[in-house]
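The values are calculated or read from the model by the stated rules, or taken from the named source; none is laboratory data. All of these numbers come straight from a predicted model, not from anything done at the bench. Note that each Cβ is placed from the backbone with ideal geometry, even for glycine, and that neighbours are counted across all protein chains shown.
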Amino acid sequence: MTSPDTQLRILDTAERLFAERGFAETSLRMLTREANVNLAAVHYHFGSKERLFVEVVSRIVAPVNEERMARFDAIDAAPGAPDLEQTLRAFLEPALALTATGDERAEQIRRLMSRLQSQKWEVHAEFCELFRDVVERFTGLVERAVPELDAATLTWRLHFLIGSMCHTMGDPGAVERLSRGACRLDDYGAVLDQLVAAHAGAFRAPAPVPVSGSATVGANGAATPHAPTSTLPSSAATRSA
């Protein structure tokens, strides 16, 4: 059983089980039973459960990242410095659109994204690699939009942006509970507008002035100098981007 239909059935079943149970709790025996395939078919198409997981996530995020890159190209083609709000929207909107429909697949993706944040994965390096090019491109655009920010502050704010995006996608009930129903994630346009406005303000805010005794220090106790953005590890901001 090595047909394209078999491969698709394995992917569909794996996505559902990983979303429902998580990576560790989904066994290959369970997967083969649910997909009605044998173990040899899984190994033929994917090699291992770890590789299958990467392919499941890649199938979801590849179109998102393609859309992001296309939008980044349009921003780059415009004269002058990148518009910050447009850049943030280009990064956020394709990801938020994954779960905006509220249908069964959207809810399944939402559950999977939530698990990605709460569990440790044996394939973390491969997972981060799916977002490397997008994060590096996005970082460069934001750096040009707010050139006054030092590299460390820029990286912190990218980290906070990705964290709030993932939390918003992964826990739709949080804001509804907090606002007692006044804010709802099914108002897709409002969610996007609020995220863009909040983080545009965050990126434009001046870097904090360290208070006495709170400066970042290195392992040897010396103050850590600011590094150019290009030298910062992109994996720091790639978790579920």
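Within region 132-141, identify whether any single residue is more than 29 Å from Asp186 (Cβ to Cβ), under 12 Å from the mean Cα position of the chain (by Cα) and not aromatic (Phe, Trp, Tyr), and answer yes or no.
Yes: region 132-141 contains one or more residues that are more than 29 Å from Asp186 (Cβ to Cβ), under 12 Å from the mean Cα position of the chain (by Cα) and not aromatic (Phe, Trp, Tyr).
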- [ ] Spot the failing condition for Ser164; the list is (1) at pLDDT below 95; (2) more than 20 Å from Arg71 (Cβ to Cβ), and only one is missed.
- [x] (2)
TODO: Check whether at least one residue in region 19-38 is assigned by TED's automatic domain parsing to the domain that holds Val146, among the aromatic types (Phe, Trp, Tyr) and under 21 Å from His167 (Cβ atoms), and report yes or no.
DONE: no
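So, of the residues in region 85-106 that are in a helix (DSSP H, G or I) and over 16 Å from the mean Cα position of the chain (by Cα), which turns out to be surrounded by the fewest Cβ atoms within 10 Å (Cβ to Cβ)?
Glu104
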- [ ] Sort out which residues of region 59-82 are of a type outside the set (A, V, I, L, M), surrounded by fewer than 15 Cβ atoms within 10 Å (Cβ to Cβ) and either under 13 Å from Glu15 (Cα atoms) or touching a Lys or Arg at 6+ places or on another chain (Cβ under 6 Å) (or both), and write them in order of number.
- [x] Arg59
Open item on the list: Going through Ala219, Ala207 one at a time, which residue ends up being modelled with pLDDT of 50 or more and among the small types (Gly, Ala, Ser)?
Closed with: Ala207
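I'd like to verify a number: residues in region 11-50 that are farther than 14 Å from Arg111 by Cα, part of a helix (DSSP H, G or I) and among the charged types (D, E, K, R), how many? Show your work before the answer.
Initial filter on region 11-50 (farther than 14 Å from Arg111 by Cα): 11-13, 24-50.
Retained after the next criterion (residues that are part of a helix (DSSP H, G or I)): 11-13, 28-35, 39-46, 49-50.
Next cut, among the charged types (D, E, K, R) only: 12, 29, 33-34, 49-50.
So the answer is 6.
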- [ ] Take region 147-197 and flag every residue that is in contact (Cβ under 8 Å) with a residue 24 or more places away in the chain and basic (Lys, Arg).
- [x] Arg157
